[in-house]
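K.L.:
Can you keep this structure in mind? I'll have questions shortly.
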Amino acid sequence: MKNAIEKLPTKSEHASRFKIPQVISEVQGQKTLIKNFSEIAQNLRRDESHLAKYFSKELAAPGNIQNGILFLQKKVTHEILQKKLEAYIKEFVFCKVCGEPDTHLEKVERILQMRCDACGARSPTRQI
Ligand SMILES: [Zn+2]
C-alpha cells in the first residue's frame, strides 16, 4: 500500500487518487463506535492517537481505541463524524501551500508541524 502510493508518477494523478475515507460508525447505547478507525488513520498516514484525540476534543467526548475501533463515550451521528473527519483532513493532511495530501506531521522543538513531501513546505499545526 505504502509503496504503491510512493510510486505514483505525477502530482495530478496522485491528487485525484486521494479519496476522503468514509466513516463507518455505529451507536451502541450511549457510545459511538468508529469501526474502521485504524483503517482511516492508515489511509491518512496519521497516528491513531492524534486522530483519536482530535475526535475526543472536537466532540467533547472521551474516547479509547480497542482492536482498531474508536469508542466515543457519546452518541454522535454519522454525519457529524464524517464532517469532523473532513475538517481534520483539511487541517492536518492537506498541505497549506500546494494542497497535496502527501504530508506528514513532525515535531520541531516540541511543536507539531506539517511537512509536505510534495513541495517541502512546513506549516504550523494547531495543538490538540
Ligand atoms: Zn505542499
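K.L.:
Which of the pairs Lys19/Lys107; Lys74/Lys107; Lys35/Lys96; Lys83/Lys107; Lys53/Lys83 have their Cα atoms more than 21 Å apart in this structure? Present the calculation step by step, with values, prior to reporting the outcome.
P.N.:
Values: Lys19/Lys107 26 Å; Lys74/Lys107 31 Å; Lys35/Lys96 29 Å; Lys83/Lys107 26 Å; Lys53/Lys83 16 Å.
Over 21 Å Cα-Cα: Lys19/Lys107; Lys74/Lys107; Lys35/Lys96; Lys83/Lys107.
K.L.:
Please identify the chymotrypsin sites (Phe, Trp or Tyr not before Pro) of segment 57-98 that satisfy two criteria: DSSP loop assignment and at most 11 other Cβ atoms within 10 Å. Which are they? Write out the running numbers ahead of the final one.
P.N.:
Numbers: sites: Phe71, Tyr88, Phe92, Phe94; in loops: Phe94.
Taking segment 57-98 and a limit of 11 other Cβ atoms within 10 Å, no loop chymotrypsin sites (Phe, Trp or Tyr not before Pro) are found.
K.L.:
Let me ask you something else. Give the Rg (one decimal place) followed by the Dmax (whole number) of segment 85-128, computed from C-alpha coordinates and expressed in Å.
P.N.:
Answer for segment 85-128, Rg first and Dmax second: 9.6, 28 Å.
K.L.:
Per Stokes-Einstein, at 20 °C and 1.002 mPa s, what whole-number D in µm² s⁻¹ belongs to the chain, with the Kirkwood radius over Cα pairs as the hydrodynamic radius? Intermediate values should be presented prior to the final figure.
P.N.:
Values: Rh = 15.4 Å.
The calculation lands on 139 µm²/s.
K.L.:
Only helical DSSP H runs with n ≥ 4 go in: add -39500 (n - 2.57) per run for the chain, normalise by residue count and round the 222 nm mean residue ellipticity to 500 deg cm²/dmol.
P.N.:
Working: 5 runs with 47 residues, N = 128.
Result for the chain, helices only: -10500 deg cm²/dmol.
K.L.:
Quick one: if the Förster radius is 22 Å, what FRET efficiency do Leu105 and Ile80 give, using the C-beta to C-beta distance and rounding to 0.05? Present the calculation step by step, with values, prior to reporting the outcome.
P.N.:
On the way: r = 24 Å, r/R0 = 1.09.
E(calc), rounded to 0.05, equals 0.40.
Taken together, the values in this text are just the output of simple stated rules run on the coordinates, not laboratory data. Just so you know, these numbers come straight off a predicted model, no measurement behind them. Virtual Cβ from ideal backbone geometry, glycine too; neighbours counted across all protein chains shown.
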